[in-house]
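Structure, as structure tokens:
The values are calculated or read from the model by the stated rules, or taken from the named source; none is laboratory data. Every value quoted in this text rests on a predicted model; they were computed, and no experiment measured them. Cβ placement follows ideal geometry from the backbone for every residue including glycine, while neighbour counts extend to all protein chains displayed. Accessible surface areas use protein heavy atoms only, side chains included; no ligands, DNA or RNA. Shrake-Rupley method; radii C 1.70, N 1.55, O 1.52, S 1.80 Å.
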Amino acid sequence: VDTLSASLGEGLLVYHAVQKQREGMGIDELASWVEANRNRLAHWFTVDDLNFLKRGGRVSGAAALFGTMLGIKPVLHVDNDGHLIPVEKVRGRKNALDALVNHMEKAVEHPENQAIFISHGNAPEDAEYVAKQVKARFSVPKVYINYIGPVIGSHAGPGTVALFFLGKS
């Protein structure tokens with residue numbers, strides 16, 4: 001099944017599939033469940049250094065230079081086709097981390113029934129900050145934090161923080 005996801009986004013779908021398997025769902029039903037729910041998986045993330053997005057061709061050199069000078073932090077998500085989409089630009093790291101949780105508030109469906117995944121690129125304090133905000137604003141049973149992998153890390157850079165959950169769409 002193509003999850004149209006990466007990193008812990010894919011991991012979150014696998015997590016849910018394992019839970020469903022433990023409840024007795026068969027392999028064909030699981031594949032159908034993943035296909036039916038993959039577009040509900042929300043990937044929200046921010047990066048700390050625009051130069052990594054520049055190197056990957058996601059932003060121009062001028063945008064990286066001026067954005068860095070102004071303390072601009074992009075907030076991005078992955079759309080239903082698996083494409084990376086910049087959604088907003090905020091000033092300051094804390095505002096970018098708060099924006100992730102604000103987007104979750106707009107899109108999450110039944111947070112009380114799901115685990116939330118957070119990944120980071122060598123930014124455990126920022127990941128913990130996001131986890132604390134999620135726990136304070138939603139009645140989630142569990143928040144898991146883990147590192148991003150080397151492939152995503154090479155594109156997004158250190159300081160990347162991503163938030164994954166199931167949403168309305």
Rounded, prolate or oblate, given the Cα gyration tensor of the chain, with a/c below 1.5 counting as rounded? prolate
Leaving out same-chain residues fewer than 8 places away, which aspartates and glutamates sit with a Cα under 20 Å from that of residue 135? 98, 105, 109, 112, 125, 126
With a ≥ b ≥ c taken as the square roots of the eigenvalues of the C-alpha gyration tensor of the stretch 110-164, please select rounded if a/c is under 1.5 and otherwise prolate if a/b is larger than b/c or oblate if it is not? prolate
Which pairs, out of 20/132; 73/142; 142/168; 20/54; 54/142, put more than 30 Å between their alpha-carbon atoms? 20/54; 54/142
If you put +1 on each Lys and Arg Cβ and -1 on each Asp and Glu Cβ, how big is the dipole of the chain around its Cα centre, in Debye rounded to 20? 540
Helical contribution to [θ] at 222 nm, DSSP H n ≥ 4, -39,500 (n - 2.57), averaged over the chain, rounded to 500: -14500 deg cm²/dmol
Rounded to 10°, Cα long-axis angle of helix 61-70 versus longest principal axis of the chain: 80
Starting with the highest mean, order 80-86, 10-16 by the number of other Cβ atoms within 10 Å, averaged over the residues of each peptide. 10-16, 80-86
Specify the residue with the greatest mean-square fluctuation among 59, 108, 78, computed from a Gaussian network of the chain linking alpha-carbon atoms under 10 Å apart. 59
Using only Cα atoms, find the angle between the long axis of helix 93-107 and the longest principal axis of the chain, and express it within 0 to 90 degrees, rounded to the nearest 10. 30
On the accessible surface of the stretch 72-169, probed at 1.4 Å, how many percent belong to carbon and sulfur atoms? 51
Using alpha carbons only, how many degrees (0 to 90, rounded to 10) separate the axis of helix 124-137 from the longest principal axis of the chain? 60
Ordered by packing density, taken as the mean number of other Cβ atoms within 10 Å over each peptide's residues, highest first, how do 19-31, 135-147, 36-48 rank? 36-48, 135-147, 19-31
Which shape class, rounded, prolate or oblate, goes with the stretch 49-122 when its Cα gyration tensor gives a ≥ b ≥ c as root eigenvalues, a/c under 1.5 marks rounded, and past that a/b bigger than b/c marks prolate? prolate
Over the stretch 98-169, average the accessible area per residue using a 1.4 Å probe and give it in Å², no decimals. 48
